[in-house]
Structure formats: C-alpha cells, structure tokens
Amino acid sequence: MSTPPAGIARLLPVTPAGAAMDLRSLSVHEAHFGRLPVVDGPRIGKPGSLVHELEKSGLRGRGGGWFPTARKVHAVVESAAARRAWSAGRKPVVIANAMEGEPASSKDAILLRHNPHLVLDGVTALAATLGAEKAYIAIHRGSPIIDVVTRALADRNDPVTIELVTPPARYVSSEESALSHWIGDGVGTPVFGKRPFERGVNDRPTAVQNAETMAHIGLIARFGGEWFASVGEPTAPGTCLVSVSGVVNSPGVIEVAVGTPVSEIINRCNGFSGESSGFLTGGYGGAWVSQDSLMAAHWSPDSVAAAGGVIGAGILWALDARTCPLHEVARVAHWMAGESAGQCGPCRFGLPSLADDLDVIAGKHAQMSDVHRLNARLPLVQMRGGCKHPDGTARFIGTAMHVFQAEVAHHLRGHCCATTSGTALPIAGMRPSPVGFPGKDFK
C-alpha cells in the first residue's frame, strides 16, 4: 500500500467485515503498509533524520509514562556521544518492551498476535537512527506470543540483529531498568541510580520503548510525523490501544484517537453489561476514578488526570458493582506486594503492611483507627523505593479509598454492599509476602 492508512485503524487494520486483519506474514504486511524505507544513522552525536519526524509527530511512549519519544532518542545519542561510546562494541542498544506486566492489559499481546512485523519495523528503524547494532524484544516467559514473534523474526533479514528474550513473568521485571539488567546480567530486577539511556545493557546507552510505541515508530518511518499527528490531541497526537474490560458487553482491545470521549469508548464496546461502581485506569499501578468523573472525560493523559486517573498502560476497567471494591483492592494489594523484588523497605515491608491494613478494612470489624493507620502509612512508601512499584501501588490503594469511601463507611458499620462472592480483577498467581531474598526469583 503506497498511501498512509486512513481513519484510526492504524496499528490494528480491520477487514471490511470489521475483524482485525491477520498481518503475521511478512509479504501480507508489506503489501498492506509498504516496505520499511531505509533509515539513516546518527552523525557526530546527533540521531538520524527519523528523529525530526518523531519530533513533528509528537509521539509519546505508550508503555505507561507517556514520555516524548524524540526526547528519549536524543538522550540516548547524547549520552553515547558524551561517553565516546561509538567505538566498536560500545554502541547503543534498543529494547522493545512487550512484557505487559499489568494483568489487566492485553494490548501488546493483541498487537503482536495480529501485526508483529510493524513492531519489528519500529525496532529496526529506531536502531538505525541511534546507530545500534543490537536490539532485543522482551516477552515474559511462558507467553503464547513467543511463537508468533519467533516465526516473524525468522522471516526477516534486518540490518540490525533483533534477539527475542524471555525474562521472568514478574510485575517489576517489565520496568525498563529491570529489562536492561536482565539482558546484561541475567537478573530481572530494577536498578536504582543511572537510567537506561545513560547506562543500560552492559553499561551501554539503551533505548527502551513499549511494543505499541515501536509500532507507531514503524508507521512514522513510512508516512511521516505530520500524518501521525493528523489525529489525536495537540499535546498527545496519534492513536492508542485501550484494553477495556469489566462490566462491558464486548471487552477487548480497541484502537482510538487520543482524546476520544470515554463514553464513546464504552459505546465501542457495546455499552455496559451491568452496573459499575467505578473505573480502574492505567492498571494496578494506576488510579481509581468515579464513574461520573471518567464518563465526562476524554481518553487523553491530561483529561484523564483531571478526572483523577492515569492512562498508564492503556487500561480501562469498569468494576462490577456487585463485587466488594475493598476486597478487590486488598486482593490486588497482596498480589502487588508479592510481585516486589524485595530490594528496598517500602516494597519489602511497606506493601505487605498496606495489604494487611486493607484486609482489616475489608472485613466487618474495622474501626476508624484502621483507616487512619492505612492513610498514615501510604505516604511512607511513596518516593522512597528503588523503582516506582511502591508509588503505583500506593496510588492504586489511595484512590480506591477515596472513590469507594461510601463502601468504607459501610464496612465501618459492619456491613458490605457486595451481592456476590466472586472476584473481578485478574491476578496471575499469588506469591507470598514479604518477599524473601532480594532478586531470588528473578534469575
């Protein structure tokens, strides 16, 4: 296809019948998008010309932080130049993060299942503009997507070597410094101090981008930054993938223009299938928002933040009003405590204590002193960890206590509004906490 994709179905093109196209074959992929053009490399401490298109595009990373992609590219090249790292064996490294550690997210898996070559095109283009000779795509151990990506890599003959790596399926192992640590040293734990763009894999400047971000780079390399920014919002252009679930009639992954009304996203999923008590945005490191506030918002970083939430990894979960939100929050808090690497006090001891406090509040014998204790402990884990894991968990808990304060009041009186004993939020196996020897399960 010689012309850019029309509409918003860019990453997940659809058939006339409305189904996602199967683009796993390289020939079918190139027939649809066209071949990836040659991307020039860096010169004297400056990235290749693709960075100018990234700047025009306004692309922001879709992995959780929504950080401007062009700024990351400049940072890696400037770090490499400052350290005179362009000699053989010291060039930058590129990592595509397809770990998808958030249990409520499936967007990267869906993208790779239907369109793996677009992600790999983005890896190739980014590696070229940075001057990297080695690149990786990281998928958590045991994922069914591994076979799809393995076959896609076998079909390609890229100028840069792209290696598939499979770190442990642990929540914090998807953090960018943890991926660099895994690839360089075989340990998938976050590293405190220098960021990967300064010292990543084997101390090399390392560019880590989410799989969805890489796919967008693959399109920008073909069609340019202005085309990319033709939809979306001025502060966050383009489209994005959203994992929508909970009490909606058609849960799944949809592609929308950034800035789409949340009400329209719910309509795309054929509306609510039942009453919702609130929305989880961004995942288990994200934030809870009341239904009224979020339904009046648009799906953009600024609008969702103004409503009290975070887009994060593109998760929108409508919680079933029949379940007890406090039990759900306590259950996830215990899971998050068990997913810690156990490297610092806020994770190793703070998160289990918060989860225990939630257990008490979710019961029928809680007192106001239990709520006060939880609220006093929340700030003690924030901004004190070796990574952002305790901060995200504290936000998940703190926003829940605010959004579901009416349910907290019911529990303080010995009641619960739940009409079902079932659970709603997914977790992938509960590990004990406090976590034992730091890093023991991450090799």
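The values are calculated or read from the model by the stated rules, or taken from the named source; none is laboratory data. Because the structure is predicted, anything quoted here is derived from the model rather than measured. Note: ideal-geometry Cβ built from the backbone for every residue, glycine included; neighbour counts use all protein chains shown.
For the reader, a short list of remarks on this structure follows.
- Criterion applied to Ala337, Ala341 was being under 30 Å from Pro168 (Cα atoms) and in contact with a Leu (Cβ under 6 Å, 6 or more places away or on another chain), and the one residue passing it is Ala337.
- Elements of the type strands (runs of 3 or more DSSP E) sitting completely within the stretch 121-216 and holding at least 3 residues that are within 17 Å of the chain's Cα centre (by Cα): these cover 206-210.
- Once the stretch 289-303 is narrowed to residues that are in a helix (DSSP H, G or I) and hydrophobic (A, V, I, L, M, F, W, C), the residue that is nearest to the chain's Cα centre (by Cα) is Leu294.
- Residue list for the stretch 376-402, filter: more than 18 Å from Ser340 (Cα to Cα), surrounded by fewer than 24 Cβ atoms within 10 Å (Cβ to Cβ) and within 23 Å of the chain's Cα centre (by Cα): Gly398, Thr399
- So Asp359, is it over 25 Å from Ser173 (Cβ atoms), modelled with pLDDT of 95 or more and surrounded by 15 or more Cβ atoms within 10 Å (Cβ to Cβ): yes
- For the stretch 86-120, a residue qualifies if it is assigned to a helix (DSSP H, G or I) and farther than 24 Å from Gly184 by Cα, and the qualifying residues are Lys107, Ala109, Ile110, Leu111, Leu112, Arg113, His114, Pro116, His117, Leu118.
- Verdict on Arg170 being farther than 21 Å from Lys443 by Cα and among the basic types (Lys, Arg): no
- Subset of the stretch 25-37 [exposed (fewer than 13 other Cβ atoms within 10 Å of the Cβ) and either more than 22 Å from Trp227 (Cβ to Cβ) or in contact (Cβ under 8 Å) with a residue 12 or more places away in the chain (or both)]: Ser27, Ala31, Pro37
- Residue list for the stretch 264-288, restricted to those being in a loop (DSSP other than H, G, I, E, B) and crowded, with 20+ Cβ neighbours inside 10 Å: Cys269, Gly282, Gly283, Tyr284, Gly285, Gly286
- Taken together, the residues in the stretch 111-159 that are touching a Ser or Thr at 6+ places or on another chain (Cβ under 8 Å) and surrounded by 19 or more Cβ atoms within 10 Å (Cβ to Cβ) amount to 7.
- Scanning the stretch 1-24 for residues that are more than 21 Å from Thr260 (Cα to Cα), in contact (Cβ under 8 Å) with a residue 24 or more places away in the chain and of a type in the set (A, V, I, L, M) returns Met1, Met21, Leu23.
- Helices (runs of 4 or more DSSP H) lying entirely in the stretch 1-85 (those with 1 or more residues that are more than 22 Å from Leu112 (Cα to Cα)): 50-57, 69-82
- Taken as a whole, the stretch 326-333 holds no residue that is touching a strand residue (DSSP E or B) at 6+ places or on another chain (Cβ under 7 Å) and of a type in the set (A, V, I, L, M).
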